[in-house]
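A short worksheet on the structure shown next.
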Amino acid sequence: MNTAAGLDHIFRPRSIAVIGATSRPGSIGRELTHNLLSYDFKGQVFPVNPHARFIHSIKCHPSILDIPDPVDMAVIIVKKELVLPVVEACGQKGVGGVVVITAGFKEVGEEGAREEEELLALVQKYGMRMIGPNCFGVINTHPDVTMNATFSRTQPLPGKIGFMSQSGALGEAILAHAHRLGLGFSMFASVGNKADISGNALLNYWKDDPNTQIILLYLESFGDPETFTGIARQITRVKPIIAVKSGKTTAGARATISHTGALAGHDIGVDALFDQCGVLRVNSMEELFDVAEAFDHQPVPRGNRVAILTNAGGPGILATDAAAGLGLDVAALDPSTVAALKAHLPTAAATGNPVDMIASATGAEYRMALRALFDDPNVDSVICLFVPPIMIDEMAVAEAIVEARAQTDKTLLACFMGSQDAAGGADRLKKAGIPVYSFPEEMAKVLERMSQHRAWLNRPVRTAPKPERGITSVRDDLARLARSGQIQILGSEALNLLERCGIPTAPLVGGSGIAELQTAAEKMGYPVVLKLDSEGLAHKTEIGAVIVDIRNADELARQHQALLSLAAKHKLTGANVVLQPMVTGGVEMALGMVRDPQFGPLVMCGVGGVLVEVVRDIAFKLPPLSLDDAREMIDQLKGRKLLAGHRGAPPVDVEALVSALVRLSLLVTDFPLISELDINPFVVCPSGSTSRAIDARIVLAPAP
């Protein structure tokens, strides 16, 4: 059975058995059966309860096996110890899908997890599909189905939103809040423990569903991030996906050796994943609905330029600050727009952007100003604010906004501050499909998310280079080192490995004594750098184990002895003094990777040097990286200006940094034995000079 057909048994059933149906007031079995009937399910409903003859005036069957007609889907609401035999009976009956409301499985511990495995084995044995266990139920509002198989007190409104919640407890709140906002669902699914049907399966199902145009997700975990990425990248090109992700990964909490591991933090993998597949991540359920309301009723803005219209200066300033702070472009109005506004507004009004019509602004002035802003070629969207003075007719203002919006295809968001009348102007706007928010900051956040989606739609599809599978000697060396129990690869050994993978490095020379180092220094040319290399030394600069700008043989000898004394002081067994040419005239960057237990390798780029963990100017992405992915990481950094030349310094070769990032991403993709990697610093030099890695550390996972 293919995925669509399997899920059709659950979301488009022709008949439903409610196993555990009851007439007892307040019980899940009673409420779910009632919802199926009162929502006018377009199919047969079969209550199943061995202790009742009729439920809701419908004949009740003692077992699903006693139902004479075919059953597409069964909703199971029985005690946990009865779930397995009930599912066995469903399989024998030929049921296509089951929704297991009953809790007490994986979420309660090892014994529950074992029983959940038995449950899944039964489902698979009979070729069924399953939502749950430990879930709130499913909904399909399509007029051919009209199924509310939940125990919610709120009946869902029909609409174009597909909502997947990993929390059953949030189900009631989700449906109630959506109803208050007037948001309708195409489908809703509480997936519970995701034993069989996961969020990825639902995304794949909704991808081709014409009735689902917006997808909302409440996630607590990812079962298969790689599959999620592949599906989401396809969907977000045609339908927005908006997600709340709760909980934290463990990557940032575990002990790390590398700078990259320390910088990764708890939740960086989620942000990187969503960013690279076009999913809009929001921070709360409230923001999820704020953004959904805008996508449900308004077009995606054509560009980043916003106009702000207000009748009060304070809210206008708040909106302007919020929009600019979020990266929106507060539009410079066309001179003809400014002239039109001046011709119709009082002299005390401000006709720049924000446009402040002052408190006396009437509905007619709102209508005129909105039309002027919508007609402005420099404006892509409008934020409209209204603070209701006692002498102004709120409904007249609302009607004016509705009329102006009807004559444009540009994005409009509204804010009615201090309006207490639920049936007043704000309600009129909502009924006309104009989202209304309580405060200007909320609108700015929503508009920024919509602009983020537009940027994703406009971004060409990126293709990463294929991993370079031919470096067999590197693979063999890594495997050999891991088998030997070596955890870290340092100094010249690490740089040599990077060089073999196409990342340019500064040569690092070790010697048995000062004479050899002096000879090497003469060949490479002064000034040079001396360093201590030791497996027990994670960060050399913390103990002064790097000495730069050594200009002659005598100074080299003195500093060589100083480093040997330092090694003895810190009891660094096996320490080696190494020599390197001094690289000057570039910008120090840090590149790296940490392997997240859930998302796999995360590639990092940031401003480097000894203060990398203090400055924390970093960006992360999931490999493999395309050239544009690498450029985007660099552009996200506050220190990006350093690369373009700062205070008279020449610009550096950014494409050399891009190339190094892409090759690093190929390296960590190709060699899963690498668990952490640091290149710090990677000195990016002006064009004509070779940018290169100066120091590196590679941490290996234990050999399998």
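The values are calculated or read from the model by the stated rules, or taken from the named source; none is laboratory data. The shown structure was predicted, so the numbers you read here are calculated from the model rather than taken from an experiment. Glycine also receives a Cβ, built like all others from the backbone with ideal geometry; neighbour counts cover every protein chain displayed.
Touching a Phe, Trp or Tyr at 6+ places or on another chain (Cβ under 9 Å) and either crowded, with 23+ Cβ neighbours inside 10 Å or on the phi < 0 side of the Ramachandran plot (or both), is that true of Ala660? Break it down stepwise before answering.
Details: touching a Phe, Trp or Tyr at 6+ places or on another chain (Cβ under 9 Å): yes; either crowded, with 23+ Cβ neighbours inside 10 Å or on the phi < 0 side of the Ramachandran plot (or both): yes.
Judged against the criteria, Ala660 is a match.
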(message) Quick check on my filter: what residues within region 39-92 are charged (D, E, K, R), within 20 Å of Tyr126 (Cβ to Cβ) and not in a helix (DSSP H, G or I)?
(response) Asp69, Asp72
(message) For region 22-65, give me the residue count where each residue is exposed (fewer than 15 other Cβ atoms within 10 Å of the Cβ) and in contact with a Leu (Cβ under 6 Å, 6 or more places away or on another chain).
(response) 0
(request) Of the conditions (1) more than 14 Å from Leu7 (Cβ to Cβ); (2) surrounded by fewer than 20 Cβ atoms within 10 Å (Cβ to Cβ), Asp208 clears all except one; give me its number. (result) (1)
(request) Could you run through region 140-178 and say how many residues are modelled with pLDDT of 95 or more, outside any loop (DSSP other than H, G, I, E, B) and among the β-branched types (Val, Ile, Thr)? (result) 2
(request) Select, from Leu579, Leu563, Leu572, Leu532, the only residue that is part of a helix (DSSP H, G or I) and more than 30 Å from Gln636 (Cβ to Cβ). (result) Leu563
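Looking at this structure, is Thr141 in contact with an Asp or Glu (Cβ under 6 Å, 6 or more places away or on another chain) and either among the hydrophobic types (A, V, I, L, M, F, W, C) or closer than 19 Å to Pro210 by Cβ (or both)? Talk me through it step by step, then tell me what you get.
Values: in contact with an Asp or Glu (Cβ under 6 Å, 6 or more places away or on another chain): no; either among the hydrophobic types (A, V, I, L, M, F, W, C) or closer than 19 Å to Pro210 by Cβ (or both): yes.
In short, no.
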(request) Quick one: Pro527 ticks every box in (1) surrounded by 19 or more Cβ atoms within 10 Å (Cβ to Cβ); (2) at pLDDT 90 or above; (3) touching a strand residue (DSSP E or B) at 6+ places or on another chain (Cβ under 8 Å); (4) not basic (Lys, Arg) except a single one, so which number is it? (result) (1)
(request) May I ask you to verify whether Val138 is within 18 Å of Thr102 (Cβ to Cβ), touching a residue at least 12 places away in the same chain (Cβ under 8 Å) and crowded, with 24+ Cβ neighbours inside 10 Å? (result) yes
(request) Looking for whichever is farther than 18 Å from Leu7 by Cβ and in contact (Cβ under 8 Å) with a residue 24 or more places away in the chain here; the options are Gly184, Gly162. Which one fits? (result) Gly184
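Which of the helices (runs of 4 or more DSSP H) found entirely inside region 379-492 contain at least 1 residues meeting this: modelled with pLDDT of 95 or more, within 27 Å of the chain's Cα centre (by Cα) and surrounded by fewer than 21 Cβ atoms within 10 Å (Cβ to Cβ)?
Details: elements: 394-405, 425-431, 440-458, 472-483.
It comes to 440-458.
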(request) Sort out which residues of region 315-348 are without any contact (Cβ under 8 Å) to a residue 12 or more places away in the chain, within 22 Å of Thr362 (Cβ to Cβ) and either assigned to a loop (DSSP other than H, G, I, E, B) or not basic (Lys, Arg) (or both), and write them in order of number. (result) Ala339, Ala343, Thr347, Ala348
(message) So, in region 673-703, exactly how many residues are in a loop (DSSP other than H, G, I, E, B) and in contact (Cβ under 8 Å) with a residue 60 or more places away in the chain?
(response) 11
(message) Looking at Gly327, Gly252 in this structure, which one is modelled with pLDDT under 95, surrounded by fewer than 19 Cβ atoms within 10 Å (Cβ to Cβ), among the small types (Gly, Ala, Ser) and at negative phi?
(response) Gly252
(request) Could you figure out which of (1) in contact (Cβ under 8 Å) with a residue 40 or more places away in the chain; (2) under 34 Å from the mean Cα position of the chain (by Cα); (3) in a helix (DSSP H, G or I) isn't true of Phe374? (result) (1)
